[in-house]
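Below is one structure; the comments refer to it alone.
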Amino acid sequence: MTQAMPPITQVLEPEPLLQGNPSLTQITEIVSAPVEQEIRLTPLTWKICFAIALSMLGIFVFSVGYLLIKGIGIWGNTNNIGWGWDITNFVWWVGIGHAGTLISAVLFLFRQKWRTAINRFAEAMTIFAVLCALMFPILHTGRPWLAVYWLFPLPNQMGIWPNFRSPLVWDMFALITYFTISLIFWYVGLLPDLATLRDRAKTKLRFYIYGILSMGFRGSNKHYQHYEKAYMIFAALSTPLVLSVHSIVSFDFATSVLPGWHATIFPPYFVAGAVFSGFGLVMTLMLFVRRALGLKQLVTDRVLENMNKIMLVTGTLVGFAYITEFFIAWYSGSPAEFFTFKNRALGPYAWAYWIMMSCNLIFPQLFWFKKIRRSIVAMFVISILVNIGMWFERFVIIVTSLHRMIPARWDYFYATWFDVLIYLGTFGLFFTLFLLFLRFLPAIAISEIKGTTKAANPHGGD
Amino acid sequence: MAYSSPSSNKIYGVVARFENVEKLLHAGEKVSQSGYTHIDAFSPFPIHGIEKYMKIPRSRLLPWIVFFVGLSAGISAIFMQWWMNTHDYPFLIGGKPIFSYPSFLPVTFECTVLASGLTTFLSLLLFMGLPKPHHPLLSHPGFERVSDDAFFIVIESKDPCFDEIKIHALFKNLGGMDIATVHEE
């Protein structure tokens with residue numbers, strides 16, 4: 001027996017973007033404080049992490065040197081399995097980079113104010129990740145001093161030009177464009193914050209360095225008119241750019257004829273996967289950094305939850321792509337295609353396949369539950385699983401299609417120590433640059449995050 | 001009619017500080033209405049909607065420059081690929097079309113984006129007049145708060161109606177703080 005209840009109208013306050021409603025000065029303080037630490041007072045944690053990163057960079061230099069002297073034979077690649085960890089790592093690192101561009105450009109176009117808490121950080125990760133990624137297509141050519149030159153449309157002694165039908169040539173143009181645009185976009189975004197650091201500089205050295213880098217930016221609204229226009233143009237350029245770059249990377253596979261590779265689903269599948277894995281690493285690192293640098297007031301739980309939602313969406317897209325691929329492989333009636341997919345799930349690489357499936361398809365689905373979206377431990381664990389799962393996805397795609405592509409020559413890929421060392425080495429490159437970024441540049445876009453506060457928009461709205 | 005100050009340096013303009021965005025917009029509106037044209041507002045972040053209150057020109061030329069440079073870069077990229085793969089050393093691969101324009105699209109797109117991005121960056125610097133590490137305002141004491149939490153309005157001496165005393169009074173009426181005359185270096 002139900003009684004009609006009078007309607008209860010309750011105005012729900014939206015969760016604040018920034019915790020505790022910090023003032024503009026407080027925001028400046030929170031973000032600038034770790035950067036302005038004197039060198040000799042650098043926290044021990046940073047020094048230890050930097051020492052580890054530098055040694056891994058050393059491993060990188062050694063592995064690359066040895067590779068250039070001895071050749072690709074030191075890797076586990078065989079005649080059949082022409083691509084192993086090299087291209088897996090390439091696609092993995094490029095994918096990591098895509099989160100930054102998505103946050104900077106796509107979320108900007110969608111007017112998501114919460115992006116200002118993480119965009120600087122993620123863009124920096126993009127630049128360093130793309131740098132690491134670039135290493136692999138360059139090195140996997142075996143004689144990069146020849147190959148890289150010949151990939152550019154420059155005159156050479158043979159009088160021929162690059163083959164513009166080749167995905168490798170497309171990759172080269174795409175990655176150089178992506179790296180350059182990301183770098184410029186990041187730098188333009190940094191200008192007001194470099195000005196902040198210049199204006200707060202306590203030593204002459206910092207004053208000159210930040211002064212030169214900020215180019216005399218002084219917060220003029222006449223300038224801001226052009227600045228905001230340029231920022232919008234960068235966002236509008238970067239959005240199709242990020243989509244095209246990973247589509248071009250997927251073309252490395254899709255333009256071939258191998259079963260399991262030659263599928264039109266690859267571009268959207270790869271782009272979704274890239275955003276997915278990128279957010280995984282942004283989340284993993286952000287959880288450490290926001291605690292280490294005391295940024296919890298600015299990178300709030302709401303921001304983290306939104307990142308988890310994006311991981312949920314892109315993870316579901318990737319899972320959907322897996323199912324579609326498998327369905328089409330069966331529905332197509334192509335015995336080679338169907339065999340490839342059965343082989344992935346039940347063949348010698350089943351272990352890799354099921355790691356990939358559980359990490360990418362199953363665990364991120366836990367983010368449907370709000371408790372899990374808000375649990376720091378859960379999101380940390382899941383973000384790491386996403387990174388591992390996405391590495392295995394690329395590994396499975398590459399190696400399972402290659403190892404049985406020639407019926408007369410079935411093979412099995414074993415990684416060598418050098419595969420592992422060079423991969424670890426790229427982590428060294430990434431973390432060295434990343435730790436330097438955290439030490440000397442503001443990890444949060446100070447001017448942008450101030451622009452989202454109530455103080456900046458007294459009349460409401462944008 | 002410019003009032004020349006006792007100092008031997010030329011005057012750059014008069015600056016006043018305001019506590020928050022509301023006060024700045026209110027004051028800026030009055031300043032614009034009083035007929036001053038060489039004015040500017042300074043803030044730690046871009047103030048949206050400022051063109052409604054103050055006569056600060058919008059950025060109109062920059063996007064067109066980017067568009068035309070990007071377009072020419074795209075056309076050049078197609079031309080480059082045509083010339084290199086179809087004309088100078090034709091790639092005869094398995095009877096496939098020699099001018100395979102679908103294959104040429106990725107590189108064309110990337111070249112367009114690269115050129116547009118670089119143009120955006122360089123045009124931005126050009127329009128902002130940066131790098132300009134020395135500026136009278138940057139050496140004005142108290143102005144460094146502009147990148148923290150302070151908001152300023154400046155009326156430059158270039159303005160035809162510039163009158164130092166009148167402007168000081170105007171800013172005082174509008175609630176400006178730390179009103180000062182800034183000299184050229």
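The values are calculated or read from the model by the stated rules, or taken from the named source; none is laboratory data. On a predicted model such as this, the values are computed, not experimentally measured, just so you know. Glycine gets a Cβ as well: all are built from the backbone with ideal geometry, and neighbour counts include every protein chain shown.
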Residue within region B:88-101 that is touching a Leu at 6+ places or on another chain (Cβ under 8 Å), of a type outside the set (Gly, Ala, Ser) and either surrounded by fewer than 17 Cβ atoms within 10 Å (Cβ to Cβ) or at positive phi (or both) present: yes
Residue under evaluation residue A:392, criteria (1) touching a helix residue (DSSP H, G or I) at 6+ places or on another chain (Cβ under 8 Å); (2) surrounded by fewer than 18 Cβ atoms within 10 Å (Cβ to Cβ), criterion not met: (2)
Qualifying positions in region A:287-306 - part of a loop (DSSP other than H, G, I, E, B) and within 18 Å of the chain's Cα centre (by Cα): none
Search result, residues across region A:213-226 that are more than 16 Å from residue B:120 (Cβ to Cβ) and part of a helix (DSSP H, G or I): A:213, A:214, A:221, A:222
Hits in region A:79-133 - residues which are of a type in the set (Val, Ile, Thr) and within 17 Å of residue A:283 (Cα to Cα): A:94, A:96, A:101, A:103, A:116, A:118, A:126, A:127
Evaluation of residue A:234 against (1) of a type in the set (Phe, Trp, Tyr); (2) surrounded by 23 or more Cβ atoms within 10 Å (Cβ to Cβ); (3) more than 11 Å from every other protein chain (Cβ to nearest Cβ) (one fails), failing number: (3)
Tally, over region A:131-169, of residues that are of a type in the set (A, V, I, L, M, F, W, C) and within 14 Å of another protein chain (Cβ to nearest Cβ): 10
Hits in region B:58-75 (condition: within 7 Å of another protein chain (Cβ to nearest Cβ) and either loosely packed, with under 15 Cβ neighbours inside 10 Å or in a strand (DSSP E or B) (or both)): B:58
Counted residues, region A:10-27 - those being in contact with a helix residue (DSSP H, G or I) (Cβ under 6 Å, 6 or more places away or on another chain) and assigned to a helix (DSSP H, G or I): 2
Residue ID - farthest from the other protein chains (Cβ to nearest Cβ), chosen from residues in region B:126-156 that are among the hydrophobic types (A, V, I, L, M, F, W, C) and without any contact (Cβ under 8 Å) to a residue 40 or more places away in the chain: B:126
Condition met for residue B:98 (of a type in the set (Val, Ile, Thr), away from every other protein chain (no Cβ under 11 Å) and in contact (Cβ under 8 Å) with a residue 12 or more places away in the chain): no
Any hit, region A:336-354, residues being modelled with pLDDT under 95, aliphatic (A, V, I, L, M) and buried (at least 21 other Cβ atoms within 10 Å of the Cβ): no
Enumeration of residues in region B:96-126 that are out of contact with any Ser or Thr (no Cβ under 8 Å at 6 or more places or on another chain), over 18 Å from residue A:171 (Cβ atoms) and not β-branched (Val, Ile, Thr): B:96, B:97, B:101, B:116, B:121, B:122, B:123, B:124, B:125, B:126
Residue list for region A:227-260, restricted to those being farther than 29 Å from residue B:127 by Cβ, in contact (Cβ under 8 Å) with a residue 60 or more places away in the chain, aliphatic (A, V, I, L, M) and assigned to a helix (DSSP H, G or I): A:248, A:249
Of all residues making up region A:127-148, the number that are among the aromatic types (Phe, Trp, Tyr) and under 18 Å from residue A:435 (Cα atoms): 1
Qualifying residues in region B:101-125 (those that are more than 8 Å from chain A (Cβ to nearest Cβ) and at pLDDT 95 or above) - the one nearest to residue A:187 (Cα to Cα): B:122
Flag if residue A:318 is surrounded by 15 or more Cβ atoms within 10 Å (Cβ to Cβ) and either in contact (Cβ under 8 Å) with a residue 12 or more places away in the chain or more than 22 Å from residue A:265 (Cβ to Cβ) (or both): yes
Pairs, first within 20 Å of residue A:383 (Cα to Cα) in region A:78-107, second part of a loop (DSSP other than H, G, I, E, B), C-beta under 7 Å, six or more apart: A:103/A:118
Count of residues meeting criterion [away from chain A (no Cβ under 12 Å), buried (at least 23 other Cβ atoms within 10 Å of the Cβ) and within 13 Å of residue B:167 (Cβ to Cβ)] in region B:14-35: 4
